[in-house]
Amino acid sequence: NNDGVIALAESMLATDPASALAEKIRLQAYSGKKEYDKVIELGETAALAQTDEEDKSLIYYTIGAAYNAKYNAGGNKDEALKNKVVEYMSKVVAGNAVEGAKAAIADLTK
């Protein structure tokens, strides 16, 4: 239930506006709902809240994936969206998302 998770994360943020965990949970829930504009809107704040490089990289990967979904939905024609995918995937430097980010960049820049 992504809406419930979002509500929980927002209540956590109301209590602790600097909660890295709440930012991460909320962003993942919006991604799960495929609300890519919201992921993009909230993503940078969520990334900056993270203190762990793997968590920050996962946030950047999620933002890049949101841009990629919008790029694909538009028929892969919007160069600005493509550039945003590459920009955010390039920020993925730690953790399990690194290989996926590298593959996405390679696919878009071939």
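Scanning the stretch 89-104 for residues that are of a type in the set (A, V, I, L, M, F, W, C) and either open to solvent by 30 Å² or more (accessible area, probe 1.4 Å) or part of a loop (DSSP other than H, G, I, E, B) (or both) returns V92, V93, A94, A97, A103.
Within the stretch 44-66, residues that are more than 19 Å from V86 (Cα to Cα) and open to solvent by 40 Å² or more (accessible area, probe 1.4 Å) reach partners that are outside any helix (DSSP H, G or I) and at pLDDT 95 or above with beta carbons closer than 9 Å, at six or more positions or on different chains, in the pairs D52/A94; D52/G95.
Of the residues making up the stretch 1-43, not one is open to solvent by less than 30 Å² (accessible area, probe 1.4 Å), within 21 Å of Y71 (Cα to Cα) and of a type in the set (D, E, K, R).
The values are calculated or read from the model by the stated rules, or taken from the named source; none is laboratory data. These numbers come from a predicted model, not from an experiment. Quick reminder, even Gly has a Cβ in these numbers, built from the backbone with ideal geometry, and neighbours come from all protein chains shown. The area values use the complete protein model at the heavy-atom level, side chains included, leaving out ligands, DNA and RNA. Shrake-Rupley method; radii C 1.70, N 1.55, O 1.52, S 1.80 Å.
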